[in-house]
Structure formats: structure tokens, C-alpha cells
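Scroll down for the structure; my scribbles are underneath it.
Quick note: the coordinates plus some simple rules give every number you see, no bench work behind them. Note that the coordinates shown come from a computational prediction; the quantities given were computed from them, not determined experimentally. When we count neighbours, we look across all protein chains shown, and the Cβ atoms used for this are built from the backbone with ideal geometry, even at glycine.
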Amino acid sequence: MAQNVETQIPGNVWKVLVKVGDTVKAGDTLFILEVMKTEVPHDAEADGTVKAVHISEGQEGVDAGTLAVEIG
């Protein structure tokens, strides 16, 4: 099942933990945003393979609802 993972809140991309081709399981952390000095992990909701990563480590000023990772 395809899944698009979007940022939940605005912030800066602190860490990207996956790359295209990686296999992920539901609950795996895909990336971490830094929001007001707090780490906010974003997790996969289902098992699959990472098809695209649209964010990069160190990226600043990411809006809420930004498409970050596609899983197929």
C-alpha cells in the first residue's frame, strides 16, 4: 500500500534516517524534525519500500504538510 509521509508541524529537518530503496516497517522512524529545540520523529504507518525522499538533513523552514517521504 502506498503511503505519503508529510511533516506534521513546521520546523527544520534535523535527521533523515532513510534513503530510496530502504525497506521499512510500520513504526520505523523515517526522519526527525527539530521544532523549538524539541525532536519530533515522523514514523512509517505501514511496511514498504522507500520510493522517494523529498527532504534533506539541515533543511530549514519546512512547512507543515510538506511531502517528505513516499513509501510503496
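Quick check for me: using +1 on Lys/Arg Cβ and -1 on Asp/Glu Cβ, what's the dipole size of the chain about its Cα centre, in debye to the nearest 20?
The calculation lands at about 120 debye.
If each residue's Cβ is checked for other Cβ atoms within 10 Å, how do Thr66, Thr23 rank with the fewest at the top?
Listing Thr66, Thr23 from fewest to most nearby Cβ atoms yields Thr23, Thr66.
So, counting K/R as plus one and D/E as minus one, what does the shell of residues with Cβ under 12 Å around Ala26 add up to?
-3
If you filter the chain for trypsin sites (Lys or Arg not before Pro), then keep DSSP loop positions with at most 16 other Cβ within 10 Å, what is left?
When the trypsin sites (Lys or Arg not before Pro) of the chain are filtered for loop state and at most 16 Cβ neighbours within 10 Å, Lys19, Lys25, Lys37 remain.
Can you list residues whose amide H is under 5 Å from Asp47's amide H, if they're 5+ apart or on another chain and H is modeled 1.01 Å from N?
The answer is Ala26.
Express the relative contact order of the chain as a whole percentage, based on alpha carbon pairs under 8 Å and six or more residues apart in sequence.
Dividing the mean separation by the residue count of the chain yields 46 percent.
Taking each pair of distinct Cα atoms in segment 10-68 once, what is the resulting Kirkwood hydrodynamic radius in Å?
Mean inverse Cα-Cα distance, inverted, gives 11.6 Å.
Taking the Cβ-Cβ separation of Lys37 and Gln3 as r and a Förster radius of 30 Å, what is the calculated FRET efficiency to the nearest 0.05?
0.55
Using the per-residue mean of other Cβ atoms lying within 10 Å as a proxy for protection, in what order, highest first, do the peptides 43-49, 59-65, 3-9 fall?
3-9, 43-49, 59-65
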